[in-house]
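Report on one structure; see the data block that follows.
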Amino acid sequence: MSAAVVGTLRLCRFHWHLLHPGTSGNVGLIPTATLSGSGQISEEVKKLLSLKSQLGIDPKPQKVKGNSEKSKENKKPSGEDGPKKFVLKTAKGTRDFAPDQMAIREGVFNKIISCFKRHGAVTIDTPVFELKETLTGKYGEDSKLIYDLADQGGELLSLRYDLTVPFARYLAMNKVSNIKRYHIAKVYRRDNPAMNRGRFREFYQCDFDIAGQYDPMLPDVECIKIVVEILSSLDIGDFVVKVNHRKLLDGVFAACGVPNHKFRPICSAVDKLDKTPWPEVRKEMVEEKGLDPSTADKIWEYVQLSGGTELLGKLLQDESLTSQKRAVEGLEDIKLLLQYCEAYGISNRVSFTMSLARGLDYYTGVIYEAVFTGAQTAVAASSDEEGSVGVGSIAGGGRYDELVGMFDGKGRKVPCVGISVGIERLFSIMEAKAYESGQKVRTTETEVYVIAAQKGMVEERLKLCKALWDADIKTEQSYKKNTKMLTEFQYCEQTGIPVAIIIGQSEIETGIVKLKVMSSREEREVKRCDMLEEIRQVLASESSVESKPSISS
């Protein structure tokens, strides 16, 4: 920079006075002509920087007009340096469960597992994700709901959509030909959730399946019997198990003139009749799937039928239907199934329903679905949905004889039939019932609470807890050294703990404890050596006099 440069070097008022003490006037500007050359200018700049450094002033560049683009580039995004704000919420289609809700869920699980074991099932587990090709092409139109994962080390993976396809893969991979198994685990569907109907993107399924070559309808009817047992034990309202047959449906489609390649798409449309009116289903068949309108009308004449053995007899006399081999095979299976239902005493719970289709592609024989029939408990809506809605289907399943063969290199077939209980929908109903009844749900199973009658008894409480835990008695105590007895008794009443054990210095000296039954407030003195037996007797007595089983039992 030379003296020939036209302009000025801008200085702050403070630095002008430092360089020119005793002056006043137009400060802040140094005529560049007074600076003889670049060396002098550099020297003056160094002096200014040195003075600022000594005074602890950090020199900051002045904003330059006409350089707005550069300043925008240097500007950091808002909130980058400060704490980031985010919304605390669960992902769409998922939810958290509080202790009282988990107590209800655990009680339902226990009843279902007890039923599965009563029928001789073993249990297995499979990974939460499968190779994408394992799941592809098994679910028909519902395949679009599969959650695909990012490429992991060269493997294309997807979260499991149900427990049936992984079970079939397990059978083929391990060369298993006969097994009766149950599996309770989470599955994932990229569906539009309806939380107030128990419809989630992440949810539990409870499956029971029988694999093996057996005589017709014996495994199938046992699956229906299990559904009836589970729903009856939960006492959640009137229900019916609808049954139909995939071969019968195919026979109906053929008799009505549906081309073979459209059987599965039309079956998926029929499957929507439980929640969609016929005009809309007909429109889908005709406009979206290209079915002749007269053919759609013929299908409607069949799918609106339901009943029992009387409907079966009527269909067996239908010449257009009985001319189809698949329809006759389906009707014969249904006839045998209804006979076995009569033997099991569950005919009043079973309805032969021609509109039942079960849209999944892998079904090959009998299909069934349990639904509510009477008034059902309204399920409270979640925060993002309005109104209370019924939960729809609560269990379903059927026969799938060809699914295992899809995974076997030699095409080895393993006939299978099974059920899947819609556990989340059951939970929604049970929660709503508990809320409406005002019934208090116990969130723990604690049986005994140890209380000190005076201060300084921590070690004695610990000894009592150890003795009770060693005897497999569910026991709690306070985590405070010194407590108030009244507070401890209130805790027992609030949480439903049936027995309190009280110990003080006099009890230690005489070798006894005080046992208090919380329901009756009765107190008695018990010798330490008899304490465990006395507690067990009280617990057994309290359990036997309960007028109603706990919802979490």
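Structure summary
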| read-out | value |
| --- | --- |
| The one condition in (1) under 27 Å from residue 319 (Cβ atoms); (2) in contact (Cβ under 8 Å) with a residue 60 or more places away in the chain that residue 275 fails to fulfil | (1) |
| Meets criteria (within 30 Å of residue 349 (Cβ to Cβ) and among the charged types (D, E, K, R)) for residue 298 | no |
| Qualifying residue in the stretch 194-204 (condition: closer than 27 Å to residue 266 by Cα, of a type in the set (Asp, Glu) and surrounded by 14 or more Cβ atoms within 10 Å (Cβ to Cβ)) | no |
| Selected residue [over 28 Å from residue 335 (Cα atoms) and open to solvent by 60 Å² or more (accessible area, probe 1.4 Å)] from 301, 284, 288 | 288 |
| Pairs with Cβ under 7 Å, 6+ apart, first in the stretch 104-120 and under 11 Å from residue 430 (Cβ atoms), second open to solvent by less than 40 Å² (accessible area, probe 1.4 Å) and of a type in the set (Asp, Glu) | 104/431 |
| Test result for residue 478, closer than 30 Å to residue 101 by Cβ and out of contact with any Leu (no Cβ under 6 Å at 6 or more places or on another chain) | yes |
| Cβ pairs under 7 Å, 6+ apart, first in the stretch 320-333 and over 15 Å from residue 364 (Cβ atoms), second β-branched (Val, Ile, Thr) and open to solvent by less than 10 Å² (accessible area, probe 1.4 Å) | 321/252 |
| The stretch 354-366 - residue that is modelled with pLDDT under 95 and either of a type in the set (S, T, N, Q) or not in a loop (DSSP other than H, G, I, E, B) (or both) and, of those, surrounded by the fewest Cβ atoms within 10 Å (Cβ to Cβ) | 364 |
| Selection from the stretch 336-353 of residues that are among the hydroxyl-bearing types (Ser, Thr, Tyr) and crowded, with 23+ Cβ neighbours inside 10 Å | 353 |
| Residue count for the stretch 304-325, restricted to those that are among the charged types (D, E, K, R) and open to solvent by less than 50 Å² (accessible area, probe 1.4 Å) | 1 |
| Restricting the stretch 320-353 to residues that are of a type in the set (Gly, Ala, Ser) and not in a helix (DSSP H, G or I), the residue that is farthest from the chain's Cα centre (by Cα) | 323 |
| Check on residue 417, open to solvent by less than 20 Å² (accessible area, probe 1.4 Å) and modelled with pLDDT under 85 | no |
| Conditions (1) open to solvent by 60 Å² or more (accessible area, probe 1.4 Å); (2) touching a residue at least 24 places away in the same chain (Cβ under 8 Å); (3) within 18 Å of residue 94 (Cα to Cα): number failed by residue 214 | (3) |
| Pairs with Cβ under 8 Å, 6+ apart, first in the stretch 431-452 and without any contact (Cβ under 8 Å) to a residue 60 or more places away in the chain and on the phi < 0 side of the Ramachandran plot, second among the hydrophobic types (A, V, I, L, M, F, W, C) and open to solvent by 40 Å² or more (accessible area, probe 1.4 Å) | 432/378; 432/380; 435/380; 451/485; 452/458 |
| Residue list for the stretch 439-471, filter: over 15 Å from residue 497 (Cβ atoms) and in contact with a Lys or Arg (Cβ under 6 Å, 6 or more places away or on another chain) | 452, 458 |
| Residue within the stretch 531-545 that is in contact with a Gly (Cβ under 9 Å, 6 or more places away or on another chain) and more than 14 Å from residue 448 (Cα to Cα) present | no |
| Search result, residues across the stretch 104-151 that are among the β-branched types (Val, Ile, Thr), closer than 22 Å to residue 211 by Cα and in a helix (DSSP H, G or I) | 112, 113, 134 |
| Strands (runs of 3 or more DSSP E) (entirely within the stretch 438-553) containing at least 2 residues that are surrounded by fewer than 17 Cβ atoms within 10 Å (Cβ to Cβ) | 522-527 |
| Boolean, residue 408 is over 16 Å from the mean Cα position of the chain (by Cα), surrounded by fewer than 23 Cβ atoms within 10 Å (Cβ to Cβ), modelled with pLDDT of 90 or more and assigned to a loop (DSSP other than H, G, I, E, B) | no |
| Members of the stretch 117-161 that are surrounded by fewer than 17 Cβ atoms within 10 Å (Cβ to Cβ), over 20 Å from the mean Cα position of the chain (by Cα) and hydrophobic (A, V, I, L, M, F, W, C) | 122, 131, 150, 156 |
| Residue in the stretch 181-191 that is open to solvent by 10 Å² or more (accessible area, probe 1.4 Å), among the aromatic types (Phe, Trp, Tyr), modelled with pLDDT of 90 or more and more than 21 Å from residue 110 (Cα to Cα) present | yes |
| Extreme residue, modelled with the highest pLDDT, among residues of the stretch 420-435 that are under 14 Å from the mean Cα position of the chain (by Cα) and either in a loop (DSSP other than H, G, I, E, B) or hydrophobic (A, V, I, L, M, F, W, C) (or both) | 421 |
| Filter pass, residue 462 being touching a residue at least 60 places away in the same chain (Cβ under 8 Å) and either of a type outside the set (Phe, Trp, Tyr) or over 30 Å from residue 205 (Cα atoms) (or both) | no |
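The values are calculated or read from the model by the stated rules, or taken from the named source; none is laboratory data. Remember, predicted model here, so these are calculated numbers, not experimental data. Cβ coordinates were reconstructed from backbone atoms using ideal geometry, including for glycine residues, and neighbour counts include every protein chain displayed. Only protein heavy atoms, including side chains, enter the accessible area calculation; ligands, DNA and RNA are left aside. Shrake-Rupley method; radii C 1.70, N 1.55, O 1.52, S 1.80 Å.
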